[in-house]
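Peer 1: I'd like to ask you about the structure that follows.
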Amino acid sequence: MLADPQVAVEEHDDGVRATVLGDRPGAGCNPRGARSERMSQSVTDRTANGDTCMEETGSAPAAEEPGYGIGAVSRRLGVPAPTLRTWNLRYGIGPSRRSPGGHRRYGAADLARLEEMNRLVHAGVPPADAARQALRLAPPGTSRVEQPDASPAFQAEEPARPPSDEAPVPSVAMLARAALALDGRTVTAGLAASLARLGVVATWERLVVPTFGTICRRQAETGGGIDVEHLFSERLLAALHPLAARPARPANDRPVLLACAEEEQHSLPVHALAAALATDRLLDTRVLGARTPYPALADAMRRLGPAVVFVWSQLAATGDPAPLAALPALRPPAAVVVGGPGWGPELPPRVPRAASLQEAVALVAARAH
């Protein structure tokens with residue numbers, strides 16, 4: 001989504017179709033216009049690598065406390081486990097100890113930092129800035145202040161290498177080979193590992209878009225491969241759905257409404273944005289999906305009173321900006337953000353266009369509080 005190249009899924013009455021979005025409106029993955037692919041929401045959102053809820057005991061010394069598993073921390077803070085993993089890998093805020101069995105555990109100092117990080121994110125602070133402040137907290141019972149700049153995990157822009165006891169993130173070549181072999185189980189496992197370690201945005205940009213590119217080049221060379229495209233699209237959509245679930249404690253009081261423009265059938269970017277907003281920014285979203293008539297979008301706005309409305313257009317035929325100006329004026333007002341190459345240059349005033357998934361997350365999050 002929203003990147004060069006870009007990916008979307010085209011939905012129809014009988015299914016969805018994935019396409020790689022090029023520089024021009026209408027550049028599609030499948031030159032033959034394949035149509036059908038069934039959507040699946042069957043992937044269960046696993047938590048905590050099997051960790052069970054283990055409360056810290058107050059009687060043992062701090063060095064001997066068993067700590068918390070990621071599942072217990074997720075339930076305590078109301079933060080999804082994939083988000084906790086992302087914070088750990090991206091910002092260095094994570095478990096600092098291991099159990100005798102080798103499982104990573106969160107201690108009291110780790111919880112204090114996570115609670116501060118969670119508080120700041122709910123207050124609208126960008127995650128990177130919230131992490132810098134949270135890492136400055138002194139561990140309980142000490143006066144030492146940890147400096148975030150001294151943490152290699154925080155300095156590094158690239159995510160840390162996953163521990164050896166966890167499933168590795170596949171390469172583009174590995175994931176593409178699994179898709180070409182119609183190995184749905186391996187595709188599912190690879191996407192799950194990447195989403196858990198890297199987060200939605202990095203998975204989209206580094207893994208999903210290049211893999212779709214490989215699949216589409218194969219289609220162009222052979223004239224076949226629609227089955228491969230459909231399998232990969234279905235597995236990706238199934239992996240994104242649980243990540244877009246409403247956070248236990250949303251950072252926004254009013255939801256974010258996500259929809260495709262009227263007659264726009266490419267909807268996977270909207271689902272990716274919903275997952276990224278939920279996991280990275282703890283924002284509550286509502287996804288209306290493909291081919292949303294503008295009267296229906298207006299009705300949903302009146303019923304929900306959203307803080308932000310995001311509308312995606314892939315094709316120039318669906319990117320008419322006039323209906324955007326006719327959307328209802330709410331009190332309090334709803335900000336409108338658009339994405340996709342279908343939109344023309346004459347957007348209504350104060351309606352920004354996001355050119356990437358990362359930019360869409362930033363634009364929407366800045367207006368959601």
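The values are calculated or read from the model by the stated rules, or taken from the named source; none is laboratory data. Because the structure is predicted, anything quoted here is derived from the model rather than measured. Note that each Cβ is placed from the backbone with ideal geometry, even for glycine, and that neighbours are counted across all protein chains shown. Only protein heavy atoms, including side chains, enter the accessible area calculation; ligands, DNA and RNA are left aside. Shrake-Rupley method; radii C 1.70, N 1.55, O 1.52, S 1.80 Å.
Peer 1: Label-point separation (nm) for A317 and R76, each offset 7 Å from Cα along Cα-to-Cβ?
Peer 2: The answer from the label model is 5.5 nm.
Peer 1: Here's another thing I want to ask about it. Could you pull out every residue, at least 5 positions away or on a different chain, whose amide H is within less than 5 Å of the one on R286? Hs are placed 1.01 Å off N in the peptide plane, and Pro or chain starts have none.
Peer 2: Long-range HN contacts for R286: V256, L257, L258.
Peer 1: Next up: Per residue of the range 171-187, in order, report the coupling 6.51 cos²θ - 1.76 cosθ + 1.60 (Karplus, θ = phi - 60°) as ³J(HN,Hα) in whole Hz, putting x for Gly and Pro.
Peer 2: Couplings: 7, 4, 5, 5, 5, 5, 4, 5, 5, 4, 7, 6, 8, x, 5, 5, 4 Hz.
Peer 1: Here's another thing I want to ask about it. Ordering D320, D280, D183 from largest to smallest accessible area (1.4 angstrom probe), what's the sequence?
Peer 2: Solvent-accessible surface, decreasing: D320, D183, D280.
Peer 1: Moving on. Amide H of V336 versus every other amide H placed in the peptide plane: which residues, excluding those fewer than 5 positions away on the same chain, fall under 5 Å?
Peer 2: Those qualifying (amide H under 5 Å, at least 5 residues apart or on another chain) are V309.
Peer 1: Please list, in order along the range 81-98, the HN-Hα scalar couplings obtained from phi with the Karplus expression 6.51 cos²θ - 1.76 cosθ + 1.60 (θ = phi - 60°), rounded to whole Hz, x for Gly and Pro.
Peer 2: Taking θ as phi minus 60°, the curve returns 4, x, 5, 4, 5, 5, 4, 5, 6, 8, 10, x, 9, x, x, 10, 9, 10 Hz for the range 81-98.
Peer 1: Something else about it: Once the other residues with Cβ under 11 Å from the Cβ of P352 are scored (Lys, Arg +1; Asp, Glu -1), what is the net sum?
Peer 2: +2
Peer 1: Provide the per-residue ³J(HN,Hα) series for the range 230-242, in order, calculated from phi with Karplus coefficients 6.51, -1.76, 1.60 and θ = phi - 60°, each as a whole number of Hz, with x at glycine and proline positions.
Peer 2: Each residue of the range 230-242 in turn: 5, 4, 5, 4, 5, 5, 5, 4, 5, 6, 7, 4, x Hz.
Peer 1: OK, next. So what's the net charge close to N118: Lys and Arg +1, Asp and Glu -1, counting the other residues with Cβ under 12 Å from its Cβ?
Peer 2: The answer is +3.
Peer 1: Once you place label points 7 Å from the Cα toward the Cβ at D299 and L330, how far apart are they in nm?
Peer 2: The modelled label-to-label distance comes out at 1.6 nm.
Peer 1: When only the heavy atoms of the protein chains count and the probe is 1.4 Å, how do L236, L330 rank by accessible area, highest first?
Peer 2: From most accessible down to least: L330, L236.
Peer 1: Another question, then. For R105, list long-range residues whose amide hydrogen, built 1.01 Å from N in the peptide plane, is under 5 Å from its own amide hydrogen.
Peer 2: Close amide H contacts, sequence-distant or interchain: S96, R97, R98, S99.
Peer 1: If you don't mind, there's one more thing I want to ask. Taking a probe of 1.4 angstrom, what is the accessible area of V361 in Å², to the nearest 10?
Peer 2: Here the residue's solvent-accessible area equals roughly 10 Å².
Peer 1: Right, here's the next one. Quote the accessible area belonging to C216 in square angstrom, nearest 10, computed with a 1.4 Å probe and with ligands, DNA and RNA left uncounted.
Peer 2: Per-residue accessible area (C216): approximately 20 Å².
Peer 1: Provide the FRET efficiency to the nearest 0.05 for the A108-H369 pair, computing r from the beta carbons and using R0 = 30 Å. Let's see the in-between values first.
Peer 2: On the way: r = 30 Å, r/R0 = 0.99.
Computed FRET efficiency for A108 and H369 comes out at 0.50.
Peer 1: Could you sort T211, T186 by their accessible area in this structure, using a 1.4 Å probe and putting the largest first?
Peer 2: Details: T211 0, T186 65 Å².
My answer, sorted largest first, is T186, T211.
Peer 1: Now, a different point. How many nm is it between the label spots at S99 and R249, if each spot is 7 Å from the Cα in line with the beta carbon?
Peer 2: Inter-label distance under the simple model: 2.4 nm.
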